[in-house]
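The block underneath contains the structure these notes are about, expressed in structure tokens.
The values are calculated or read from the model by the stated rules, or taken from the named source; none is laboratory data. Everything numeric in this text was worked out from a predicted model, so none of it was measured. Counting neighbours? That spans all protein chains shown, and the Cβs are built from the backbone with ideal geometry, glycine included.
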Amino acid sequence: MLDIISIGDCTLDVFLDIDEATVSCEIKREQCLICFDYADKIPVKRLTKIPSAGNAGNNAVGSARLGMNAGIYTVIGNDRVGQEIKETFRQEGVTTHYIRTDSKHETNYSTVLNYNGERTILVYHYERNYSLPKIPKTKWLYYTSLGQGHGHLNNQIVKYLKKNPGTHLGYNPGTHQLREGLKNLKPVLKKTEVLFVNKKEAETIIGKQNQTIKSLELALHELGVNNVIITNGPDGAYAYNGINHYHLPIFEKYKAIERTGAGDAFSTGVIAGLFWGKPIDEALRWGSANSSSVIQYIGPQKGLLTKTKMKKFLKENPKPKTQML
């Protein structure tokens, strides 16, 4: 029996560190634009390639490091990058038995522009024929970003959860999933134990803008989600379990070198905390600790904590504590 199976696309991430850009923001930084000189050549300061990335891959690797028996269902290309991804998972102790190969298309690819510690991602997902393989009983499923044509997979996951009521679902919908609209998201949301979204994504699901965190938590909980977790950038993370509202500020002393994978590290840490018997307020600290570590490195996986390093990090950083609102 596995502890967790991650479901989603994997990519080759290519990180480009750049200096020659500007950022233009609206009031309160609700929307910011990164700008380059049009039709110019922009020098790259540093280039880094990382296979096995993507939300599902980051979760699988992070879960394995935190002591969970992890597996992954993903579709990769029949190419060198796909083989590198599988080998990386093997080295990290992630079960690759449920990885499928697409003989027609290459492995997905992302270019990550890193400027002043913040990232802008250009991602290309090949259209896949997703179909959940026969997977064993597992304590957790983690369902996240996929390309177009994944509607059938939604139904398969819901069906699996109905047959295996002891399995918890962590759900972090990606861009294509969010664009399907609430009608298509509802069946999955009704079976979700923990939902991970940022404030903008929560507003997209609900279909209302300029909402308070509490109103978003309540609305998402009414859709069937047991635990709603909303991240809000420098303001930290919020959670609602149907009884209490919680808020955890960020660990401010850890400054970002590059932010790719911070959200994946957070959700991975939270689920691992819950898996190891921690209450939701302490599980939030596991998530924030994992995220704070990841942003100190280039790429989404180098800073992922082991269970031993997690305990050390939290011992050395007793504050901030999760606050009940």
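Summary table
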| read-out | value |
| --- | --- |
| Every residue from the stretch 160-185 that is among the basic types (Lys, Arg) and either at pLDDT below 95 or surrounded by 13 or more Cβ atoms within 10 Å (Cβ to Cβ) (or both) | ARG179, LYS183 |
| Test: residue in the stretch 201-216 that is outside any helix (DSSP H, G or I) and either among the aliphatic types (A, V, I, L, M) or buried (at least 17 other Cβ atoms within 10 Å of the Cβ) (or both) | no |
| Residue list for the stretch 217-236, filter: under 10 Å from LEU195 (Cβ atoms) and among the small types (Gly, Ala, Ser) | GLY224 |
| Filtered residue count, the stretch 294-325, keeping only those that are polar (S, T, N, Q) and under 17 Å from ALA262 (Cα atoms) | 3 |
| Qualifying positions in the stretch 109-139 - among the polar types (S, T, N, Q), touching a residue at least 60 places away in the same chain (Cβ under 8 Å) and either in a loop (DSSP other than H, G, I, E, B) or within 23 Å of ILE4 (Cα to Cα) (or both) | ASN116, THR138 |
| Hits in the stretch 132-153 (condition: at pLDDT 95 or above and over 12 Å from TYR73 (Cβ atoms)) | LYS139, TRP140 |
| Among (1) modelled with pLDDT of 90 or more; (2) buried (at least 24 other Cβ atoms within 10 Å of the Cβ); (3) not aromatic (Phe, Trp, Tyr) - the single one ALA53 does not satisfy | (1) |
| Strands (runs of 3 or more DSSP E) contained entirely in the stretch 22-87, each with at least 3 residues that are in contact (Cβ under 8 Å) with a residue 40 or more places away in the chain | 44-53, 70-73, 75-77 |
| Failed item, numbered, when ILE243 is tested on (1) modelled with pLDDT under 95; (2) exposed (fewer than 14 other Cβ atoms within 10 Å of the Cβ); (3) not hydroxyl-bearing (Ser, Thr, Tyr) | (1) |
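Results for (1) more than 19 Å from the chain's Cα centre (by Cα); (2) closer than 20 Å to ILE135 by Cα; (3) surrounded by 18 or more Cβ atoms within 10 Å (Cβ to Cβ); (4) not charged (D, E, K, R), shown as yes or no for each residue.
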position: ILE18; (1), (2), (3), (4): yes, no, no, yes
position: TYR38; (1), (2), (3), (4): yes, no, no, yes
position: ARG46; (1), (2), (3), (4): yes, no, no, no
position: THR74; (1), (2), (3), (4): no, yes, yes, yes
position: VAL81; (1), (2), (3), (4): yes, no, yes, yes
position: THR88; (1), (2), (3), (4): no, no, yes, yes
position: VAL94; (1), (2), (3), (4): no, yes, yes, yes
position: SER110; (1), (2), (3), (4): no, no, yes, yes
